[in-house]
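Quick notes on the structure that follows.
The values are calculated or read from the model by the stated rules, or taken from the named source; none is laboratory data. Model, not experiment: these values are computed from the prediction. Please note: Cβ atoms are built from the backbone with ideal geometry, for glycine as well, and neighbour counts cover all protein chains shown.
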Amino acid sequence: MQYLKELFLNISIRHIIDMAIVALVFYKVFLLIRETRAEQIVKGIVLLLLATKISQWLKLYTVLWILEKTMTVGVIALLIVFQPELRRALEYLGRSRFFTRSFVEIKDEDMNNLIEEIIEAVASLSRQKIGALIVFEQETGLNEIVETGTKIGGDISTGLLINIFIPNTPLHDGAVVVRKNIIKAASCFLPLTDNANLSKDLGTRHRAALGVTEKSDALVVVVSEETGSISVAENGKLSRYLDISTLRQTLVDVYKPEKQKQSILSKWRGKNEEKE
């Protein structure tokens, strides 16, 4: 009891800050690897460490030698196995507020019109059951994906987006990459997700949408060719069967800072009330 009392008395603010930083780092690492294949690998590593300690206690020297050598070589193997997760972690640090670049400044009215152009295109594609894959670049650059497609460099418009995805046209097969208010490229190839737990009814479009959001902070809008349903992928998660109102709110979150969101939403609600 006396030992515990002395221990608490010797804890300073510096120690508390030190422990808080370590706890925060472990929490962020846990969020990065949660529900990924890295989570299972971490569990395997913990089991190996426990087995090594138990072998040492029980004096199983042959087993201990094998485990120690395995752990030594395993450091290099981990760098290879965890390459995607390490990349995500470094990109996460790069997207911190200290390093982030400002989004393009567009007037509220222009931004409202831009979002409505996208909404009308997606709604039309959904009604016609025309498959579509639209990637909205955010802080992580997607130049390597843009290079796989046909560069366009045109302003976003309903007609242009619809025409790109019309079946049997040269650019319909693949993804459109949008940077700010510009369609950078069409017919782009996206990496497919490695998630083996996905529903079997998800096609290549949805898997490609998840794949690019696992490797970047992009937001992807998907229109199903079979059902016309609208889905949104972000941070390796897929939200399916969205209505137009939810999609509009999602795009507002992408394009506008927090303090300006209500301006666009209030204008849209006002227009709807006038129509009614």
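Details
- The stretch 218-239, subset surrounded by fewer than 20 Cβ atoms within 10 Å (Cβ to Cβ) and touching a residue at least 24 places away in the same chain (Cβ under 8 Å), residue nearest to Leu125 (Cα to Cα): Gly228
- Matching residues, the stretch 153-186, being out of contact with any Lys or Arg (no Cβ under 6 Å at 6 or more places or on another chain) and crowded, with 20+ Cβ neighbours inside 10 Å: Leu161, Ile164, Phe165, Gly174, Ala175, Val176, Val178, Ile183, Lys184, Ala186
- Ile130 outside any strand (DSSP E or B), among the β-branched types (Val, Ile, Thr), at pLDDT 70 or above and within 24 Å of Ser229 (Cβ to Cβ): yes
- All strands (runs of 3 or more DSSP E) inside the stretch 135-236 with 1 or more residues being within 20 Å of the chain's Cα centre (by Cα) and at pLDDT 90 or above: 175-179, 182-188, 219-223, 230-234
- Residue within the stretch 257-276 that is of a type in the set (A, V, I, L, M), surrounded by fewer than 18 Cβ atoms within 10 Å (Cβ to Cβ) and modelled with pLDDT of 90 or more present: no
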